[in-house]
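I have placed the structure first, in the form of structure tokens, so that the comments after it can refer back to it.
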């Protein structure tokens, strides 16, 4: 029965609710403390955890399955990798874009995208298989009806009559958005999206449920206030202004997270984020 429900993004298949909260809750508390006098007890915060639903079935080796460019046969996975690559090239002058001449040893577009991303400032140090696995989780959510329904059930269980704000990161913002749209009967609450890919046309935006109409996404009925926080250097939220997609009622906030632009703890410790989350909570009597 928490006041704040947190929703994680991709890459959490080997963790759990308590593991994630061990990182998220202190960051949330620090961000709020920097910007306000509001103190949020740990028992008032919960995590809508669904990462295990993406945990692969038994396979040889540990961790993420062995994947390379030849495993990217799905159009959505390819398009997402190229979208990340295109934006990474725009913000990082060291990254050659898709229009740059290809070296003979990397003739295939997906392989070029993986090479460029793995050497970009944003994805530095991440393996090609991690990049592919990340794109695959996004694709699975949108194309596997059973997984999508199971994720939504986890989200629904986390929201109660006491919930005042949902704070969702990355793909979690898509999960939370669809749940909010599906439950107009939920009481009014605030919605905070961090590093959200909700606005990317032809990838996430056009696959949402409910479908956008005439280029405009549906406003979730329970949401009385929507705050969208994005770092310009974050490659995942290619579209930084969600107000252009969902309406002027969204408050788009720009922050700077340093080198780890998509890191949720950087988002949560930002003064700008902490102040707005604090504002959404009912003052203690």
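Nothing in this text is a laboratory measurement; each read-out follows from the coordinates by a stated rule. Only a predicted model underlies this, so the values are computations on that prediction, with no experimental measurement involved. No Cβ is skipped: glycine too gets one built from the backbone with ideal geometry, and neighbour counts run over all protein chains shown.
Going by C-beta contacts inside 10 Å, put 21, 194, 80 in order with the fewest on the left.
By the 10 Å Cβ count, ascending, the order reads 21, 80, 194.
Using only the Cα atoms of the chain, what do you get for the radius of gyration and for Dmax, in Å?
Final numbers for Rg and Dmax: 18.7, 68 Å.
Sort 266, 225 by Cβ crowding within 10 Å, fewest neighbours at the top.
Lowest count first: 225, 266.
Taking Cα pairs under 8 Å and at least six residues apart, what relative contact order does the chain come out at, in percent? If you can, show how the numbers build up before the last one.
Values: 511 pairs, mean separation 69.4, N = 285.
With pairs under 8 Å counted, the relative contact order is 24 percent.
By count of other Cβ within 10 Å, fewest leading, how are 269, 143, 204, 86 ordered?
With the fewest neighbours first, 269, 143, 204, 86 line up as 143, 86, 269, 204.
Report, as a whole number in µm² per second, the diffusion coefficient that Stokes-Einstein gives for region 179-268 at 20 °C and 1.002 mPa s using the Kirkwood radius over alpha carbon pairs.
Using the Kirkwood radius from Cα pairs, D works out to 158 µm²/s.
Given the DSSP H assignment, sum -39500 (n - 2.57) over each helix run of at least 4 residues in the chain and divide by its residue total; what's the result at 222 nm in deg cm²/dmol, nearest 500?
Per the formula, -12000 deg cm²/dmol.
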